[in-house]
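> Take this structure, written in structure tokens, and hold onto it; I'll ask about it next.
The values are calculated or read from the model by the stated rules, or taken from the named source; none is laboratory data. Only a predicted model underlies this, so the values are computations on that prediction, with no experimental measurement involved. Positions of Cβ are generated from backbone atoms using ideal geometry, with glycine treated the same way; all protein chains shown enter the neighbour counts.
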Amino acid sequence: MNSGKIKKVFIEAPISASFIADAIAKHSTKMNIGAHSIFLGQVRKDKIGEQEVAAIEYTTYQEMAEEKFHEITEDAFKKYLIICLHIYHSLGVVKAGEINLFVFVSSKHRKDAIDACEEIVERIKKEVPVWGKELFGNEHFQWKINT
């Protein structure tokens, strides 16, 4: 259930599998939940020019971003019959293959969880002021230069 309070969503690191597993396990005692929908965003090892992305460094205006996350959360609770909603986003360097976004929606029925999760992820990508800068190289990251 939503508390109306702005929550901290940023983690200064990649989001670990154990963090995700813990979040899921904590919901096993909530007997009114019948469905979970989870989205995990992972850094890709894209090839840009002749270089491969080794990591992405995420930055934000944290207070502004958390207000936007709060607005998205409030809207989801108004629009869908969801019971729980958790959003976590990484800040700092996240290597290719690591998780940078975790959206976890729970509801009584699957359609609400799935539809809410999809809309939330799309809104995050469009509306939240979080920026990712590709970093290249194996050991020493170099900033991508836009020419």
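> Looking for something part of a strand (DSSP E or B) and either touching a residue at least 40 places away in the same chain (Cβ under 8 Å) or of a type in the set (Gly, Ala, Ser) (or both) - is there at least one such residue anywhere in region 107-114?
Initially, region 107-114 is screened for residues part of a strand (DSSP E or B), giving 107.
Those still in the list that are either touching a residue at least 40 places away in the same chain (Cβ under 8 Å) or of a type in the set (Gly, Ala, Ser) (or both) too: 107.
Yes; the residues of region 107-114 include at least one that is part of a strand (DSSP E or B) and either touching a residue at least 40 places away in the same chain (Cβ under 8 Å) or of a type in the set (Gly, Ala, Ser) (or both).
> Mind checking whether some residue in region 85-106 is out of contact with any Gly (no Cβ under 7 Å at 6 or more places or on another chain), touching a residue at least 24 places away in the same chain (Cβ under 8 Å), assigned to a helix (DSSP H, G or I) and surrounded by 14 or more Cβ atoms within 10 Å (Cβ to Cβ)?
No, region 85-106 contains no residue that is out of contact with any Gly (no Cβ under 7 Å at 6 or more places or on another chain), touching a residue at least 24 places away in the same chain (Cβ under 8 Å), assigned to a helix (DSSP H, G or I) and surrounded by 14 or more Cβ atoms within 10 Å (Cβ to Cβ).
> Quick check on region 1-42: of everything there that is modelled with pLDDT under 95 and hydroxyl-bearing (Ser, Thr, Tyr), which residue is farthest from Tyr88 (Cα to Cα)?
Thr29
> Could you go through region 14-31 and let me know if any residue there is within 24 Å of Glu134 (Cβ to Cβ), assigned to a strand (DSSP E or B) and out of contact with any helix residue (DSSP H, G or I) (no Cβ under 9 Å at 6 or more places or on another chain).
yes
> Quick one: what pairs do we get from region 57-81, first residue within 28 Å of Gly97 (Cα to Cα), second of a type in the set (D, E, K, R) and at pLDDT 95 or above, C-beta under 6 Å, 6+ apart or different chains?
That search, which allows pairs on different chains as well, returns Glu57/Lys133; Lys68/Glu127; Ile72/Arg123.
> Could you list all residues from region 27-43 that are over 15 Å from the mean Cα position of the chain (by Cα) and surrounded by 12 or more Cβ atoms within 10 Å (Cβ to Cβ)? Write out each step before concluding.
First, the residues of region 27-43 that are over 15 Å from the mean Cα position of the chain (by Cα): 27-36.
Listed by number, the residues that qualify are His27, Ile33, Gly34, Ala35, His36.
> Shifting gears a bit: For region 44-75, which positions are in a strand (DSSP E or B) and surrounded by 15 or more Cβ atoms within 10 Å (Cβ to Cβ)? So that I can check it myself, show each step before the final result.
Step one: of region 44-75, the residues in a strand (DSSP E or B) are 47-48, 51-60.
Across region 44-75, the qualifying residues are Glu52, Val53, Ala54, Ala55, Ile56, Glu57, Tyr58, Thr60.
> Those residues that are farther than 19 Å from Glu122 by Cβ, touching a residue at least 12 places away in the same chain (Cβ under 8 Å) and of a type in the set (Lys, Arg), I need them from region 18-56; list them, please.
Lys30, Lys45
> In region 32-43, which residues are of a type in the set (Val, Ile, Thr) and either part of a strand (DSSP E or B) or in contact with a helix residue (DSSP H, G or I) (Cβ under 8 Å, 6 or more places away or on another chain) (or both)?
Narrowing region 32-43 to residues of a type in the set (Val, Ile, Thr): 33, 38, 43.
The answer is Ile33, Ile38.
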